[in-house]
1. Quick one: accessible area per residue over the range 67-169, 1.4 Å probe, rounded to a whole number of Å²?
2. Once R0 is set to 22 Å, what does the formula 1/(1 + (r/R0)^6) return for the Cβ-Cβ distance between Glu237 and Ala217, expressed as a FRET efficiency to the nearest 0.05?
3. Label-point separation (nm) for Ala205 and Asn106, each offset 7 Å from Cα along Cα-to-Cβ?
4. If R0 is 56 Å, what FRET efficiency do you get for Ala116 and Arg175 from their C-beta distance, rounded to 0.05?
5. I'd like the trypsin sites (Lys or Arg not before Pro) in the range 227-282 restricted to DSSP loop residues with at most 15 other Cβ atoms within 10 Å, sorted by number.
6. Per 5 Å bin, what percent of the C-alpha pairs of the range 12-95 does each bin hold, from zero upward?
7. Any idea what the dipole of the chain comes to, in debye rounded to 20, about its Cα centre with Lys/Arg Cβ at +1 and Asp/Glu Cβ at -1?
8. Around Ala292, under 15 Å between beta carbons, what's the net of Lys plus Arg minus Asp minus Glu among the other residues?
Amino acid sequence: MSTKRILSGIQPTSDSFHLGNYLGALKQWVELQDGNDAFYCIVDLHALTGDIDPTLLRKRILTSAAQLIALGISPEKSTLFVQSHVAEHNQLGWIMECIAGFGEANRMTQFKDKSAKGGADSARVGLFTYPMLQAADILLYQAHYVPVGEDQRQHIELTRDLATRFNSRFGETFRIPEGHILKSGAKIYDLQEPTNKMSKSSGSAAGVLEIMDTPEANIKKIKSATTDAGREVTFDEKEKPGISNLLTIHSALSGESISNLENQFAGKGYGDFKSAVAEVVVEYLRPIRERALELLQDEAHLVKVLHGGADKARSVASATVADTYKNLGLVL
Ligand code: ATP
Ligand code: LTN
């Protein structure tokens, strides 16, 4: 396989990433850094579209970096950086806003969902323009692939549309990126409400398995996960969303196939199965959490690593902005 450019981003919107983030996206980030040229971005400017608490935001940006390194993103192999450190994101973001139509932006389901929650009138303009900034994140790096969870498919489509439109109107400027979305694990559900996605900002407190949670807390959450009618451990997303979700989680972390797990727990009931899931989750997350806590002891070092990443990112991003400006007829 030839080297491909990879780009993805994650928002620093909580004190911890959750298992949905990990299985839907971050696990692939780690796998894709080998043999590719990967850029991974903590999208702090996107996080400003929600509630802003300056003390918390700073802490969360650093905790995000610590978790990414702890779960296997190597700053030597990949370019790990913070979006606001590379001003080109804002520069190209504005251009994308000038390319996108109001109608197509208005169809973004993430905007509709998030703005509906607080009442449409209280949604801020940045939440509406969010997908155009995301398009800029991706196009700046001429990415081939964008590893994300299923919920981001529509934003990737929009990015492709904007890039195609720009190229045909102003000349070849951007590579048309593709989403890299897994079939299994692309959507992990809330343990308490297994028909809703596990989410940092809108999940139920007891339904979200966090990387930075203590093992005891995560064991408790798994044991009190909502289960379904019946007592057979079988994968059936319609009739048994809760058990199916736990099967997906176990399988993704242990590497055992779902059918193997069904056989293994045949006739054993939900209790035994939940204990096994808890064990797998807790042992998987334990070293990641410990390493992240260790990294957080030395903030100055973390910031230095992020600045190093930003320098590398800027050198790629600035070439794309220069090209874009030139093709638009701006005087350089
Ligand atoms: P928020 O609730 O604040 O929107 P989030 O929990 O959805 O946050 P993001 O920062 O939006 O997390 O997403 C980071 C990455 O994790 C994205 O690629 C997204 O697709 C993926 N992801 C988020 N939640 C899940 C989930 N429940 N299952 C699979 N992938 C997910
Ligand atoms: N919108 C994404 C986060 C995000 C992103 C990106 C993902 C911002 N910029 C660029 C991939 C590529 C989300 O909510 N998960």
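1. 42 Å²
2. The pair Glu237/Ala217 has a calculated efficiency of 0.25.
3. A separation of 3.9 nm, rounded to one decimal place.
4. About 0.95, to the nearest 0.05.
5. Counting only loop positions with at most 15 other Cβ atoms within 10 Å, the trypsin sites (Lys or Arg not before Pro) in the range 227-282 are Arg231, Lys238, Lys268.
6. Taking every Cα pair in the range 12-95, the percentages come to 3, 14, 24, 23, 20, 13, 4, 0.
7. Working: 36 positive and 41 negative charges, 85 e Å.
That gives the chain a dipole magnitude of about 400 debye.
8. -2
The values are calculated or read from the model by the stated rules, or taken from the named source; none is laboratory data. Keep in mind that what you see is a predicted model, and the values were worked out from it rather than measured. Virtual Cβ from ideal backbone geometry, glycine too; neighbours counted across all protein chains shown. Surface areas here come from the heavy atoms of the whole protein model, side chains and all, with no ligands, DNA or RNA. Shrake-Rupley method; radii C 1.70, N 1.55, O 1.52, S 1.80 Å.
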